[in-house]
Amino acid sequence: MKLTICPKCQSEDIVKSGIIKNRQRFKCKVCNYNFTVNKVGKEIDSYYVVKALQLYVEGISMREIERVLGVSHVSVRNWVKKYNIKSPEKLEYHPTYKVLSHKELCDYVAEGRNLSEAGLMISSLGDKYMLIRWERFRD
């Protein structure tokens, strides 16, 4: 069973067509349409909407979300407005993030000093993992 369908003609006759900005590109063999993000009509797949809003709530900027997910920061801003998401308070802590492969993530977590004095969240991102770390601001 194929999970990927053409957003233009709904065909399941899809082939991989290279990688663009570290994301798999697909080509429809029926209508020759190239795409990377699953779209439903003019809307982006809800997976990306939810992931973008989660990252926003965790304190990641809209431009950073754009770079990580490959969706426009304008789309992220529109989703924040649409779902009435409040901007997080940034007081004592600030988030940093890394996008890691499975092995890199295992190595990172195995290093004990990476787990102390900070909060961590790990989220899947296609075949990679995003690690968000909150550190206390230093005076």
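The values are calculated or read from the model by the stated rules, or taken from the named source; none is laboratory data. Nothing here was measured: the structure is a model prediction, and the numbers come from that model. Don't worry about glycine lacking a Cβ; one is built from the backbone with ideal geometry, like all the others, and counts go over all protein chains shown. Areas reflect the complete protein model, heavy atoms only, side chains present, ligands, DNA and RNA absent. Shrake-Rupley method; radii C 1.70, N 1.55, O 1.52, S 1.80 Å.
Some notes on this structure:
- In terms of distances greater than 20 angstrom between alpha carbons, the cross-link table entries K16/K51; K82/K128; K103/K128; K86/K128 yield K16/K51; K82/K128; K86/K128.
- Against the set (i) 17.6, 60; (ii) 15.3, 56; (iii) 14.5, 42, the structure's computed Rg and Dmax of the Cα atoms in Å falls on (i).
- If only the Cβ of Lys and Arg carry +1 and only the Cβ of Asp and Glu carry -1, the dipole of the chain around its Cα centre is close to 660 debye.
- Net charge over other residues, Cβ less than 12 angstrom from the Cβ of N32 (K, R count +1; D, E count -1): +2
- Label-point gap, in nm, between T96 and N84 - each point 7 angstrom along Cα→Cβ: 3.7
- Computed with a 1.4 Å probe over protein heavy atoms only, the accessible area of M62 comes to about 50 Å².
- Accessible carbon and sulfur surface of the chain relative to its total accessible area, %, 1.4 Å: 50
- The mean sequence distance of close C-alpha pairs (under 8 Å, at least 6 residues apart), as a share of the length of the chain, puts its relative contact order at 15 percent.
- Average accessible surface for the chain: 69 Å² per residue, computed with a 1.4 Å probe over protein heavy atoms with every protein chain in place.
- Of the listed residues H102, H73, the order by accessible area with a 1.4 Å probe, largest first, is H102, H73.
- With the simple model of a label 7 Å out from the Cα in the direction of the Cβ, R77 to D45 spans 2.6 nm.
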